[in-house]
Amino acid sequence: MKAGTAIRRPRWLIALLAVLTVPLGLLTRADLPLPTLVATYGGDMLYATLAFFLAALLLPRCPTWRLAALALEFCYAIEVSQLVHVSWLDALRETRPGRLVLGSGFLWSDLVCYAVGVLLGVLVARLMMLPRS
């Protein structure tokens, strides 16, 4: 693709990838015989990949690098928010949806997982970019 060529991301494909990412992430949290690395870090990585796909759906004309930055900022903000303990937020985190979206405890390793997950989203986005006709 030539520099300056307008690109488009097929939104239907991004939506499909986002939808498929959710059960994959949930499977990493299921009690399945997965490799330790996947069971420990896969869900956090796919969480960030999903954040990237959702950003791409919401901001279809946004450059890929900016989508990556937004997704990473979102994930990092959620992780840092886990250092904040107020009763209503802790109560929300005790629910299954709250735990899945907001997490339950700060881990430095999650920050690395988010970077890898966003990078995965960027690579997939780069593969699907098509020249605008």
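Computed from the coordinates by the stated procedures, all read-outs in this text should not be read as laboratory data. Being a predicted model, the structure only gives us computed values, none of them experimental. All Cβ positions, even for glycine, are placed from backbone atoms using ideal geometry, and neighbour counts span all protein chains on display.
General remarks:
- Between 0 and 90°, nearest 10: helix 11-29 axis offset from the chain longest Cα axis: 30
- Listed values (1) 29, 17, 13; (2) 42, 18, 12; (3) 35, 17, 14, entry calculated as semi-axes √(5λ) of the Cα gyration tensor in Å: (1)
- Projecting the Cα atoms of Phe53, Met129, Thr28 onto the charge dipole of the chain (Cβ charges, centred on the Cα centre) puts Met129 farthest toward the positive pole.
- Principal-axis analysis of the Cα atoms of the chain puts helix 64-81 at an angle of about 10° to the longest axis.
- Exposure here means at most 10 other Cβ atoms within 10 Å; with trypsin sites (Lys or Arg not before Pro) in a DSSP loop as sites, the longest stretch of the chain lacking them is 62-131.
- Net charge, Trp65 excluded, C-beta distance under 15 Å - Lys, Arg +1, Asp, Glu -1: +3
- Interchain or long-range residues, amide H under 5 Å from Arg8's placed H: Leu130, Arg132
- 0 to 90° range, to nearest 10: angle between helix 108-128 axis and the chain longest Cα axis: 20
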